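A short write-up of the structure that comes next.
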Amino acid sequence: MSDRAVNNIYDAIYNENYRLALTLSNKALKKFHNDPAINAMKSLALVKLEKYEEAEEIAKFVMESKPVEETILQALNLTLKDLQKYDEIVELFQNAFEADITNEEYANQYFMAITRINNYDLQKQTALKLNKLFSNSSSNKKGKYFCWAIMSLILQSRYQKDCPKALITKLAEQMILKAIEKDFIIDYEGLFMYLTILIDQERYKEALDILNGDLGSKCIKIETERNRLNIELNRKTKQWEQLIKVCQDIIENNDHDNFTCFYNIIDALFILIEENVLAIDYLNNETFINVYDWIKKIQEEELKNGISKIKRAPFIAEIELEKKIINMTGFTMDKHKNILIEYVKKFGDKYCCFEDLLPYLEILDSDELINDFKAELNKLIKSTDINVNDIQRNVNIEKINFYLGYKINNEEEMKQYVKKLISLYEETLPFGTKLEDTERQFGDDYLVIAASLLIDYYKLTDKTCYIYQAIAILEHGLEKSKFNFQFKIILMRLYSILGDAFRTTELSRSLNLRSIQFDTLSFLYTEGMDSLNIVQIPLHIYNLCLSIYKSNNIEVPDVITQAYKNETYSKIIEILDFYNKLNNSIQQVLFHQQIIRIQTLQAFNTVDKVNSYLSSVDDKYIDITEEYLSKCTDNRDYKVFAHWKNEKTTLEEKIRCRPLKNTLWIQLFGLIPKILKNIALKNIEKIKADNEKLTALLSKDNLISELLPSEIANGKIVNEFAKFVIEADQSKETKESGSCDAFNNIFEILKEKVDSLTSNNKLTNVTFNIIEQCTTMIEAINYIVLLVHYASNIAPNRKSRNLPWVINIQEKKSQFVNEIKKQIQIFYDYLKELNTLINSKKNTGIESIKEIFGSDEALIDNLMSNNKELLIKTFDQWQSSVSTSLENTLKETEIKMKLL
Amino acid sequence: MASMRRFVADDIFTFNNVNLDPLTETYNLKFYFSYLVRWPDYCAMAESPNGTKMGYILGKAEGKDKLWHGHVTAVTVAPEYRHIGLATRMMKLLEEVSEKVYNTYFVDLFVRVSNAVAINMYKKFGYSVYRQIRNYYMGPNEEDAYGKISTKIYYTNMRKALPRDVKKESIIPVGRIVEADELEWS
């Protein structure tokens, strides 16, 4: 081996010049034939160049020599990690370790490799082996390897199916006692293992004693951590009186703002009442009176601090207590209204006042009480000689009013309210002239309420003009508060409803989403993008978003090994759960399936091309098994939207451009490409099995909750297509008479689709709904092209071309094609007319906006006195996006007409 | 009115209302986890009574000998929970961890020279300006929040001495602008 050659290749890899590394490797291999170090480097260069098969082949070849040199091991480790060959990494380091059992570094690498394969028993055995072999090493002086074994047992009892959990936990307990004896348990992380072992056995009282004993004192140095565990364990032991005392002590010990403690005190108090430990006549009960008086005492202490420094928790605690009394007695009184008013008086100038009160506004359970409350609340509004604090209070009052509900009897009243909100917003702007770019204007929430009202009216009337008005208002707000994410996420959804991929994407970019947000927030703007027939934008976004799952696979297991090295055991379970939650994310499958859906459309220039594409689709993303569905996680963050109305349906739900994609969607969009793939591969058995699943899926009565009617119709077309293929292969009747229902059924489905689409009022309602119907129409036509192609080649061989059943099918097919062509022509004419109309509105600015969206001229003019250009830009962008979608569909329709 | 607890891995799924603020960076997974598995006690999350994330702090201990110190890597509060003393509580926690768990001499942090609001806030917490640094980057994606790439960013390095630094030597100002590559740690 030449060290120099290896170093040169290493340098090239280090500098991420993988092509050079590969060239250097090949050159060096000519001189040093089959050199394992050079080959290991070559495999790493290949994997970085995404030549996975070749990389794996060379890595395996090198592994056969059971290498022990550090350079080779590290190169192979990196290669195998990228290939996700974790069992092979174990084998690699097992060989190295067994070749030299005195090498502690290899022993460590071997253990770390095992942590990736979830073999907890082997993990434990290896940790104990390390403890024995390196008992006196400096890195093991605090019993690290012994603790690794304990942690392995904890994981085994939690995650390994079919293992004697009780026995394993008992063993873990014996080992932790031994570790305590040897003084290995010295900090929070060690104590965490002990407490976990006890908690897993539901021995909460013992865990509590340990926490409050000498070991707990030694290991936990931060008071808040001890307090948190104390509360958690006291709850578990159901020692309610003790819990009250612990929480009171924490609060009195200079933590008056600790709402968690107040909440626990009140919760414990009412559990005691429910358990009849306290008398039902709570007003005469000593414990109840004591707690009530004690809260009042803390409030009084706070009031001495001066109005600007008062802590909120003791006052919210009183409201929480009253809420519990109301729940128990069913009586709401004037005093309940009063404590809410008092809270607004004290804390109305804090932004979070509204959030604080949200869980308690429902205690106002009669119209009379609500009206009285509102009347008093509105007296707190200050409209002259105001400052920033007054504005904040006014905004909070408006939000509370909005939450409790306005009586809006007609469209005119709604518009008046919207205008009032805009005017209130405008009045706050002079106070924000000195704010940084990154800050929000003080009155931004007025605009969110205004947009919410318009959205409600859109839901009520289905009139798109309200969407456009809401857009105008929020875009106006965004001019002043460039980083208000609430504006942006609502806007993205509103543009999605209009079918505008361009502005939606622009806004999503400005949010600067990255990393985990690809999983948790991308649904805000990607849900409908695969239905717009705009290829590049969604493909780019989906592929970018998929990077988070790759990071999860490559980086997170490494972090778990770091947790072992750092002995931060409390993080291992947390991070393992995180890894699984992200790995099983429904969003990951959605990205893959949406890519497959778009690429299928993209590949459809010829039948051969699309069949070749479908044949290459990885079953991993389309074979949606029951097992997958059972462990599938939904990490989408719906709570990020403002939800300021007392309604079950959230704002997020109201502004979806389509029903939220979930397990039904992934089943359908797994089965469609899978069936088409197996038709291309002529795999009848698989087609039969999957078509049974598709039939069952299509018969479910909740399909509409996740799927669009056009998508369900396409599922039915594929279902009929698959039946045709199965029958043509097996049915005696088909073979004798050429009978098949598929042509008729599919024709009816397509005709219904065409009728539904062309019946739409053409211009005034062009939204996502129309564009997606056009896109799914072209998908339906594609499936029909495949069916026709299949039917044309139905004769098993040349000789059978003249068999009566074959001739019969060909005749039926010809009739079918003629009828289908007529429908496609109707669709094509509709598309062309629509597109011409939209294009004719290009650069006609504000006049077109008023014409198309029927917006309230006065409202728009008022709003846009300084922002006309913005509104015109918005319209042009919508026009451009929709036109791109329609033109793509037009072109594809022309191609399909020729293919039929 | 916040519940303070350790930052846990699952928080990464739900901290969006904090992280969508333009001044809060969302890092790659490795970044968060490298802090969680190395300094779990330095990472805390503040939660509202209804479970909404209010803000969080990430920190670490580093340096040698008398430069052994706690460092505030990130402290952030969601817009709706500002001006209620949350940052004070989180900073106090980090100082407590620095003192009681890691026994450091001081705590330090970096803040943009232009961010006068933050500098004044830290001064109220007892931090003083130790030095200013030229060409220092807090993170690889920093420029994105402002929509432009800045090649020269000035930072103020602020410090607060802890009881272990009896003579308060750690906070004696340097008195000149230093280059980023002169820093003892990065």
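The values are calculated or read from the model by the stated rules, or taken from the named source; none is laboratory data. What you see is a predicted model; the values in this text were computed from it and never measured. Here Cβ is always computed from backbone atoms with ideal geometry, including for glycine, and neighbour counts include all displayed protein chains. Just the protein is used for accessible areas: all its heavy atoms, side chains included, with ligands, DNA and RNA removed. Shrake-Rupley method; radii C 1.70, N 1.55, O 1.52, S 1.80 Å.
Given contacts defined as C-alpha pairs under 8 Å and at least six residues apart, what's the relative contact order of chain A, whole-number percent? Display every interim value, and only then the final one.
Values: 1016 pairs, mean separation 68.4, N = 900.
So the answer I get is 8 percent.
Let me have the 222 nm mean residue ellipticity of chain A computed from DSSP H runs of 4+ only, each contributing -39500 (n - 2.57), with the sum over all residues rounded to the nearest 500.
Details: 45 runs with 647 residues, N = 900.
Taking each H run of at least 4 residues, the total per residue is -23500 deg cm²/dmol.
For region A:1-117, would you read off the P(r) tail past 26 Å as a percentage of all alpha carbon pairs? Provide the component values of the computation, followed by the final result.
Numbers: 1041 of 6786 pairs.
For region A:1-117, the share of Cα pairs beyond 26 Å comes to 15 percent.
Which of the GluC sites (Glu not before Pro) found in region A:411-478 are in a DSSP loop and have at most 15 neighbouring Cβ atoms, other than their own, within 10 Å?
On the way: sites: A:GLU411, A:GLU412, A:GLU413, A:GLU426, A:GLU427, A:GLU436, A:GLU439, A:GLU475; in loops: A:GLU436, A:GLU439.
Those satisfying the criteria are A:GLU436.
Could you give the nm distance between label points at A:GLU181 and A:GLU426, where each point is 7 Å from its Cα heading toward the beta carbon?
8.2
At a Förster radius of 30 Å, what calculated FRET efficiency corresponds to the Cβ-Cβ distance of A:ASP619 and A:THR836, to the nearest 0.05? List each step's numbers first, then the result.
Working: r = 43 Å, r/R0 = 1.44.
For R0 = 30 Å, the calculated efficiency reads 0.10.
Please list A:ASP3, A:ASP519 in order of solvent-accessible area, largest first, computed with a 1.4 Å probe with all protein chains present. Walk me through the numbers on the way to the answer.
Numbers: A:ASP3 95, A:ASP519 0 Å².
Descending order: A:ASP3, A:ASP519.
Straight-line reach from A:LYS27: which aspartates and glutamates have a Cα under 18 Å away, not including same-chain ones fewer than 8 places off?
Leaving aside aspartates and glutamates fewer than 8 places away in the same chain, those within reach of A:LYS27 are A:ASP3, A:ASP11, A:ASP35, A:GLU54.
For a paramagnetic label modelled at 7 Å from the Cα of B:ASP65 toward its Cβ, which residues of region B:98-115 fall within the zone defined by backbone nitrogen distances under 16 Å?
B:105-106
Work out from phi, with θ = phi - 60° and the Karplus expression 6.51 cos²θ - 1.76 cosθ + 1.60, the ³J(HN,Hα) of each residue of region A:361-376, listed in order in whole Hz, and give x for Gly and Pro.
Here the 3J(HN,Hα) series is 5, 5, 5, 7, 9, 9, 4, 4, 5, 5, 4, 4, 4, 4, 4, 5 Hz.
For region B:3-182, with the dipole built from +1 on Lys and Arg beta-carbon atoms and -1 on Asp and Glu ones, taken about the Cα centre, which of B:PHE33, B:VAL8, B:ALA87 lies farthest toward the positive end?
B:ALA87
Considering only the other residues whose Cβ falls under 11 Å of the Cβ of A:LEU668, what net charge follows from Lys and Arg at +1 and Asp and Glu at -1? List each step's numbers first, then the result.
Values: positive: A:ARG597, A:LYS661, A:LYS674, A:LYS693, A:LYS700, A:LYS716; negative: A:GLU706, A:GLU711.
Charge balance near A:LEU668 sits at +4.
Excluding ligands, DNA and RNA, what is the accessible area buried between chains A and B, summed over both sides, using a 1.4 Å probe, to the nearest 100 Å²?
Working: alone 40910 and 10160 Å², together 46590 Å².
Protein heavy atoms only, the A-B interface buries about 4500 Å².
Using Cα pairs closer than 8 Å and at least 6 residues apart in sequence, work out the relative contact order for region A:439-567, in percent.
Working: 98 pairs, mean separation 22.5, N = 129.
Here the relative contact order equals 17 percent.
Mind checking which aspartates and glutamates have their C-alpha under 15 Å from A:LYS335, skipping anything on the same chain fewer than 8 residues away?
By straight Cα distance, A:LYS335 reaches A:GLU318, A:GLU320, A:GLU322, A:GLU362, A:ASP365, A:GLU368, A:ASP372, A:GLU376.
For region B:7-84 and region A:581-612, write down the distance between their C-alpha centroids in whole Å.
Comparing the Cα centres of region B:7-84 and region A:581-612, I get a distance of 37 Å.
Using a ≥ b ≥ c from the Cα gyration tensor of region B:3-182 (square roots of the eigenvalues), is it rounded, prolate or oblate, where a/c under 1.5 gives rounded and otherwise the larger of a/b and b/c decides, a/b for prolate? Please list the in-between numbers first.
Numbers: a/c = 1.61, a/b = 1.20, b/c = 1.35.
Because a/c hits 1.5 or more and a/b fails to exceed b/c, region B:3-182 counts as oblate.
I need the GluC sites (Glu not before Pro) found in region A:238-295, filtered to DSSP loop residues with at most 11 other beta carbons within 10 Å of theirs. Before the final figure, lay out each step's value.
On the way: sites: A:GLU241, A:GLU252, A:GLU274, A:GLU275, A:GLU286; in loops: A:GLU275.
Hits after loop and neighbour filter: A:GLU275.
Let's see if you can work this out: charge +1 on each Lys and Arg Cβ, -1 on each Asp and Glu Cβ, no other charges. What is the dipole magnitude of region B:3-182 about its Cα centre, in debye to the nearest 20?
On the way: 25 positive and 21 negative charges, 120 e Å.
Taking the Cα centre of region B:3-182 as origin, the dipole is about 580 debye.
If you average the sequence gap of Cα pairs under 8 Å that are 6 or more apart and divide by the length of region A:1-117, what percent do you get for the contact order? Intermediate values should be presented prior to the final figure.
Numbers: 137 pairs, mean separation 21.5, N = 117.
Computed over region A:1-117, the figure is 18 percent.
Which of the pairs A:LYS345/A:LYS648; A:LYS674/A:LYS799; A:LYS482/B:LYS123; A:LYS688/A:LYS723; A:LYS488/A:LYS648; A:LYS488/A:LYS639 have their Cα atoms more than 20 Å apart in this structure?
A:LYS345/A:LYS648; A:LYS674/A:LYS799; A:LYS482/B:LYS123; A:LYS488/A:LYS648
Residue farthest toward the positive end of the dipole of the protein assembly as shown, with Cβ of Lys/Arg at +1 and Asp/Glu at -1: which of A:ASN512, A:LEU707, B:TYR122?
Working it through, the farthest residue towards the positive pole turns out to be A:ASN512.
Where a ≥ b ≥ c are the square roots of the eigenvalues of the C-alpha gyration tensor, would you call chain A rounded, which needs a/c under 1.5, or, failing that, prolate if a/b is larger than b/c, or oblate? The partial results should precede the final answer.
Details: a/c = 1.91, a/b = 1.08, b/c = 1.78.
It comes out oblate by the Cα gyration axes.
If you take the square roots of the eigenvalues of the alpha-carbon gyration tensor of region A:102-141 and sort them as a ≥ b ≥ c, do you get rounded (a/c under 1.5), prolate (a/b over b/c) or oblate? Mind dumping the intermediate values first?
Values: a/c = 2.58, a/b = 1.75, b/c = 1.47.
Because a/c hits 1.5 or more and a/b exceeds b/c, region A:102-141 counts as prolate.
Lys and Arg at +1, Asp and Glu at -1: add these up for the other residues within a Cβ distance under 14 Å of A:ILE326 and post the number.
Values: positive: A:LYS323, A:LYS324, A:LYS335, A:LYS337; negative: A:GLU318, A:GLU320, A:GLU322, A:ASP334, A:GLU362, A:ASP365.
Spelling it out: positives minus negatives among the neighbours equals -2.
What average number of partner chain Cβ atoms lie no more than 10 Å from the Cβ of the residues making up B:80-93? Show your work: numbers first, answer last.
Working: counts 9, 4, 4, 7, 8, 3, 2, 0, 0, 3, 0, 0, 1, 4.
For this peptide, the per-residue mean of nearby foreign Cβ atoms is 3.
Suppose each label sits 7 Å from its Cα in the direction of the beta carbon; what would the A:LYS335-A:GLU627 distance come out to in nanometres?
Using points 7 Å along Cα→Cβ, the separation is 6.1 nm.
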